[in-house]
Every structure is written in structure tokens, then in C-alpha cells.
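Notes follow the structure.
The values are calculated or read from the model by the stated rules, or taken from the named source; none is laboratory data. The structure displayed is predicted, hence computed values, not measured ones. Methodologically, a virtual Cβ is constructed for each residue, glycine included, from the backbone with ideal geometry; neighbour enumeration extends over all protein chains shown.
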Amino acid sequence: MAWYGDNGYFRPYVSVWEKKAFGARALATVLKKSKRTPEPVLLTSGRRHVATTFWGKAWCENLERYADFANRLPRGRTYVRNGSVLDLAIGKGTVAAYVAGSELYTVKIGIAPLAKTRWRRVVSRSTGRIGSLVGLLRGELSVDVLNVLCDEKEGLFPEPREISGRADQLGHVGRGLPLAQGRRQAAHRRQARRRLRHRHRRRAAHRAALLYGATGREE
């Protein structure tokens with residue numbers, strides 16, 4: 001909905017802090033029955049990169065290769081960086097999150113399991129490339145093995161057709177923010193009407209002054 005202001009039409013601004021505050025209250029209501037505490041995604045102070053580990057960066061690089069996600073990734077990074085991801089849960093083949101926006105949203109992402117034939121090819125190509133069994137037990141992998149695992153076509157990471165996702169409004173528990181927005185918008189409407197009336201009065205007074213100065217008589 002648009003509102004009339006000094007510079008045309010605009011929508012009332014709602015800060016990120018307000019959205020997060022309403023979202024947190026709505027999420028507390030949702031998680032109350034399950035007695036589960038939220039697990040938000042929080043970046044450490046001064047940190048701008050969403051991923052810092054090798055696997056995290058590899059996941060991001062894999063997604064950035066595909067045009068399907070070109071418009072979604074920047075927006076997703078913004079939500080993460082400003083702390084709008086209020087809860088994140090990772091399960092077998094699924095990632096679920098509660099995100100604070102204009103309302104509280106549920107975001108669910110499904111990832112197809114790696115095909116057995118593809119896994120066998122990964123194992124076969126990695127065989128003989130492990131430099132040290134001790135290093136493998138420590139989680140240390142050689143460059144050759146990492147290249148196999150991160151291969152664009154035959155590695156471990158999924159392609160767009162293997163990823164599904166949807167985002168939904170949470171419903172009545174997330175209506176606190178729209179209610180506050182409605183009150184804010186009503187206040188903006190009243191303020192805009194007052195400014196418009198004041199502007200009309202000033203213009204009428206200015207025209208009357210000009211007419212009186214030119215003719216010597218009042219309008």
C-alpha cells in the first residue's frame with residue numbers, strides 16, 4: 001500500500017531491529033510447545049564472510065556457480081549478516097530455518113541424497129590418493145582428494161535440480177509486525193494529511209499576498 005508524502009509515494013520504514021524483535025517473540029511462541037531453544041546464526045563481531053571453513057567456502061562456491069541462485073544468494077547473505085536468521089536446524093537431507101522479514105517466515109531446503117553410483121565413483125577416484133592414514137583419521141585430506149570431492153560434475157556437492165526449497169509465512173503468530181506496521185502507516189497517513197493541508201494554506205496565503213501587492217485589494 002502506498003502513502004502520500006512530501007516527495008511522492010512511499011512505504012513506512014520498519015527497521016531490521018523491529019523485524020527481528022517481532023520475529024523473536026513469534027518464534028518463542030512457536031517453539032514453546034516443543035520446549036526447544038532457538039539456535040540463531042550469528043556472525044562474530046567484524047566478520048563479513050558467511051563461511052570461514054574449507055567445507056563452508058566450498059559449499060558457497062558450488063552454489064555461486066549456478067545462475068539459478070544468482071538472485072537469491074545476495075539476499076540470503078544480507079539476512080545472515082544482519083542476524084535475521086533466528087533459528088537454523090540441519091537434519092538428514094533437510095535444512096530448516098526461521099527468518100525475520102516483514103513477517104516471520106519458515107524456510108525449508110531439501111537436498112537429494114548422493115546417488116550410490118556417484119559415491120562409488122568418488123571412492124574409486126580417491127583410492128590411492130590418500131597420502132597418510134594418520135592424516136585421514138585426523139580429518140586431513142590431500143589436495144588430490146579434495147579436488148575429487150569438490151569436482152563440479154562428479155564431486156559430493158549437489159546441482160540445482162537436486163535442491164528444492166520454499167519459504168512460507170508462519171501465520172497468526174507472526175502478525176504482530178503487520179499490526180505495528182498498520183499503526184505506523186495510520187500515523188503516517190495522518191501526518192501526510194496535516195502536511196498537505198498546511199501546504200495548501202501556505203500557497204493560498206502566498207497567492208493572496210501576491211494579488212494584494214499587485215492590485216491593492218484582497219482576493
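Just name the residue that is surrounded by the most Cβ atoms within 10 Å (Cβ to Cβ) out of those in the stretch 37-48 that are at pLDDT below 85 and at negative phi.
Looking at the filtered set, the residue picked out is 43.
Which of the residues that make up the stretch 107-117 are more than 17 Å from residue 73 (Cα to Cα) and surrounded by 14 or more Cβ atoms within 10 Å (Cβ to Cβ)?
Within the stretch 107-117, 114 is the sole residue that qualifies.
Regarding residue 151, is this residue at pLDDT 75 or above, acidic (Asp, Glu), closer than 29 Å to residue 41 by Cβ and not in a loop (DSSP other than H, G, I, E, B)?
Working: at pLDDT 75 or above: yes; acidic (Asp, Glu): yes; closer than 29 Å to residue 41 by Cβ: yes; not in a loop (DSSP other than H, G, I, E, B): no.
No.
Does residue 164 fit the bill of being of a type outside the set (Lys, Arg) and assigned to a loop (DSSP other than H, G, I, E, B)?
no
Looking at the stretch 159-167, is at least one residue at pLDDT below 90 and closer than 18 Å to residue 20 by Cα?
yes
Among the residues that make up the stretch 56-69, is at least one of them surrounded by 12 or more Cβ atoms within 10 Å (Cβ to Cβ) and either over 29 Å from residue 145 (Cβ atoms) or modelled with pLDDT under 85 (or both)?
Yes, there is a match, as at least one residue in the stretch 56-69 is surrounded by 12 or more Cβ atoms within 10 Å (Cβ to Cβ) and either over 29 Å from residue 145 (Cβ atoms) or modelled with pLDDT under 85 (or both).
Are there any pairs with C-beta distances below 8 angstrom linking a residue in the stretch 60-75 that is under 18 Å from residue 49 (Cα atoms) to a residue that is in a helix (DSSP H, G or I) and of a type in the set (D, E, K, R), with the two at least 6 apart or on different chains, and if so which?
These pairs meet every condition: 73/64.
Among the candidates 214, 205, single out the residue that is surrounded by fewer than 12 Cβ atoms within 10 Å (Cβ to Cβ), among the small types (Gly, Ala, Ser) and modelled with pLDDT under 65.
214
Report, by residue number, each residue of the stretch 101-132 that is assigned to a helix (DSSP H, G or I), free of Cβ contacts under 8 Å to residues at least 24 places away in the same chain and among the charged types (D, E, K, R).
Here is the first cut: in the stretch 101-132, the ones assigned to a helix (DSSP H, G or I) are 116-126.
Narrowing further to those that are free of Cβ contacts under 8 Å to residues at least 24 places away in the same chain: 116-117, 119-120, 123-124, 126.
Listed by number, the residues that qualify are 116, 120.
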